[in-house]
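Notes follow once the structure below has been shown.
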Amino acid sequence: MTSDKFKVLVIGSGGREHALCWKIAKSELVSEVICTPGNGGIGDVARIERVAATDIPGLIQLAKAEQPGLIVIGPEDPLAMGLADKLRAEGFKVFGPGAEGARLESSKAHSKELMDRHRIPTASFRSFNRSGQAKGYLEGCTTWPQVIKADGLAAGKGVYICADLAEAKVAVDGIMEQGRHGSAGASILIEEFIQGEEASIFALTDGETVLVLEPVQDHKQVGDGDVGPNTGGMGVYSPVPELSKRIYKQIEQHVLLPSIHMLRRERIDFRGVLFIGLMLTDGGPRVIEYNVRFGDPECQALVRRLKSDIVPILLATADGTLGSIETPEWENQTCIGVVAAADGYPASPRKGDRIDGLEAAGRVESAVVFHAGTKRNRTLDGNEEIVTNGGRVLTVTAMAKDAEEARRRAYESYDKIKYAGKFCRRDIGRRREARAASFDARSQGAPGGA
Ligand SMILES: Nc1ncnc2c1ncn2[C@@H]1O[C@H](COP(=O)(O)OP(=O)(O)O)[C@@H](O)[C@H]1O
Ligand SMILES: [Mg+2]
């Protein structure tokens, strides 16, 4: 039987990729997991290679040398660069859309045009490639705020919600004249400001079949009670009790299925995960944006809750046979994931601090610690140590039937980890209460509850 086993190559270096490698490594089908470029923790479950996630020729060479039976592309950049197409052209089975599918995420103007064409509910918008025209349009706007977005990939930093004309002009100049987001800001969108609760839905598709994943929710802002700047995500929980089955079904019917239909009608060969960011407005769910890869830290919670072997699912998505697999089973438990961040994050996180307590953290009941911005160093006396190497350092996950218990375990595990400048949000999984509190604060006149 061993001869039927195959290698799996995972591309990326975040908590998302650690979680994917951790789960893939448990599969009976897999002989070896290889991850490139990895981080300080993925080496526990995979063999690490040193090819960067955007080194397309290097990755193709690595795939040719290793001959994996499945390649999983984690982050958006290599997808936007067409890595999946190039690997498929070499005969590999790849989880992740090609460049055309990835444009749903890598060009906001493109994705809005597609949504418009296929009548998918979203905020109305205009796109501009000259700052003068954009400012001229803004001068005529009578409703504020307006939302200004760099068109391209801006690592979650390219969106400005502008309260008035003066702010909006500063944003346009920052993006288009000062080049704050490089070529991602060569063109911009100006969108209608829509209001409501934000939510998201994740689904796997091979272009034909759609497999909706369990509800999962991240916490974007850096501070407790949803205050401060946006981050890549400070924590995660799944399932999402405040998102009723009825609403989730509504999102599936009114947004997800039409989006899959859109891909088909546009003849976009999409084999991977479609992640739709939504606003639940009074007029129903509306799309904020598409992403074409797993969210990080959402992936960590999904992977923890998935009971079934992940490999047949990823392989069927890559293969176009998603319709013939068994329905995946999910743990009927809550997963809480707390991101351990580094002082200064998101603006300028400190790096290079030694991390202790990882083993003790992993010994807490049900806890699994996924690494993100970490690195393995050799010390002068020849030992190995793990040091911080990015703004989001770890995702500490824990599970329990009872959500409170899952949360208690996650923070117990988090508290065992030591490094200089460590911080987290203390309200992960308590989004509802946190929001209510921040609305209260605002109504009492404290600006933004800060
Ligand atoms: N039209 C809009 N109306 C109100 N808020 C918006 C709108 N578009 C985006 N936002 C807010 O900005 C955040 C980031 O926007 P998004 O399009 O998801 O960009 P990205 O995730 O690529 O930075 C959203 O999560 C939402 O909070
Ligand atoms: Mg977003």
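The values are calculated or read from the model by the stated rules, or taken from the named source; none is laboratory data. As the structure is a computational prediction, the values presented were derived from the model and not from experiment. For neighbour counting, all protein chains shown are included, and Cβ atoms are generated from backbone atoms with ideal geometry for every residue, glycine included.
Within region 142-183, if we keep just the residues that are within 16 Å of ligand 2 (Cβ to nearest atom) and of a type in the set (D, E, K, R), the residue that is nearest to A102 (Cα to Cα) turns out to be D151. Can you pull out the residues in region 242-262 that are touching a helix residue (DSSP H, G or I) at 6+ places or on another chain (Cβ under 7 Å) and crowded, with 17+ Cβ neighbours inside 10 Å? Matches in region 242-262: M262 only. When the residues of region 179-195 are filtered to those that are assigned to a loop (DSSP other than H, G, I, E, B) and more than 19 Å from F125 (Cα to Cα), the one that is nearest to ligand 1 (Cβ to nearest atom) is H181. On the stretch given as region 277-299, residues that are in contact with a Ser or Thr (Cβ under 6 Å, 6 or more places away or on another chain) and under 20 Å from L79 (Cα atoms) total 3.
Residues that are assigned to a loop (DSSP other than H, G, I, E, B) and in contact with a Leu (Cβ under 9 Å, 6 or more places away or on another chain): does region 233-240 have at least one? No, region 233-240 contains no residue that is assigned to a loop (DSSP other than H, G, I, E, B) and in contact with a Leu (Cβ under 9 Å, 6 or more places away or on another chain).
A single member of M234, M262 is within 16 Å of ligand 2 (Cβ to nearest atom) and touching a residue at least 60 places away in the same chain (Cβ under 8 Å), and it is M234. Being in contact (Cβ under 8 Å) with a residue 40 or more places away in the chain and closer than 17 Å to A99 by Cβ narrows it down to one residue among L274, L257; which is it? Being in contact (Cβ under 8 Å) with a residue 40 or more places away in the chain and closer than 17 Å to A99 by Cβ holds for just one of L274, L257, which is L274. Six or more apart or on different chains, Cβ atoms under 7 Å: show the pairs whose first residue is in region 141-157 and under 19 Å from D296 (Cα atoms) and whose second is more than 8 Å from ligand 1 (Cβ to nearest atom) and charged (D, E, K, R). So the pair list comes out as L153/E76; L153/D77.
Rundown of residues vs (1) surrounded by fewer than 23 Cβ atoms within 10 Å (Cβ to Cβ); (2) of a type in the set (V, I, T); (3) out of contact with any helix residue (DSSP H, G or I) (no Cβ under 9 Å at 6 or more places or on another chain), yes/no style:
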site: V94; (1), (2), (3): no, yes, no
site: A109; (1), (2), (3): yes, no, yes
site: Q133; (1), (2), (3): yes, no, yes
site: Y137; (1), (2), (3): yes, no, yes
site: K157; (1), (2), (3): yes, no, yes
site: C162; (1), (2), (3): yes, no, no
site: A171; (1), (2), (3): no, no, yes
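Within region 86-105, the set of residues being without any contact (Cβ under 8 Å) to a residue 60 or more places away in the chain and closer than 21 Å to E289 by Cβ comprises A99, R103. Checked against (1) surrounded by fewer than 16 Cβ atoms within 10 Å (Cβ to Cβ); (2) under 25 Å from the mean Cα position of the chain (by Cα), V368 passes all but a single condition, namely (1).
The residue that is surrounded by the fewest Cβ atoms within 10 Å (Cβ to Cβ), among those in region 290-342 that are part of a loop (DSSP other than H, G, I, E, B) and within 16 Å of ligand 2 (Cβ to nearest atom), is G295.
Which helices (runs of 4 or more DSSP H) does region 94-147 wholly contain that include 1 or more residues that are within 12 Å of ligand 1 (Cβ to nearest atom), closer than 30 Å to V10 by Cβ and among the charged types (D, E, K, R)? It comes to 99-106, 108-117. Could you check, for region 250-257, whether at least one of its residues is part of a strand (DSSP E or B), within 16 Å of ligand 2 (Cβ to nearest atom) and among the hydrophobic types (A, V, I, L, M, F, W, C)? No: region 250-257 contains no residue that is part of a strand (DSSP E or B), within 16 Å of ligand 2 (Cβ to nearest atom) and among the hydrophobic types (A, V, I, L, M, F, W, C).
Entry remark, region 371-394: residues being surrounded by 15 or more Cβ atoms within 10 Å (Cβ to Cβ) and either closer than 19 Å to V222 by Cα or among the hydroxyl-bearing types (S, T, Y) (or both) number 11 in total.
The single condition among (1) away from ligand 2 (no atom under 16 Å from the Cβ); (2) within 16 Å of the chain's Cα centre (by Cα) that H219 does not meet is (1). Consider region 392-450 and keep the residues that are hydrophobic (A, V, I, L, M, F, W, C) and assigned to a loop (DSSP other than H, G, I, E, B). The one that is modelled with the lowest pLDDT is A450.
When region 153-178 is filtered for residues that are at pLDDT 95 or above and assigned to a loop (DSSP other than H, G, I, E, B), the ones remaining, listed by number, are A163, D164, Q178.
G96 meets all of the listed conditions (1) out of contact with any Ser or Thr (no Cβ under 8 Å at 6 or more places or on another chain); (2) farther than 30 Å from A398 by Cβ; (3) modelled with pLDDT of 95 or more; (4) small (G, A, S) but one, namely (2). If only residues of region 263-289 that are modelled with pLDDT under 95 and more than 14 Å from T122 (Cβ to Cβ) are counted, the one that is surrounded by the fewest Cβ atoms within 10 Å (Cβ to Cβ) is D282.
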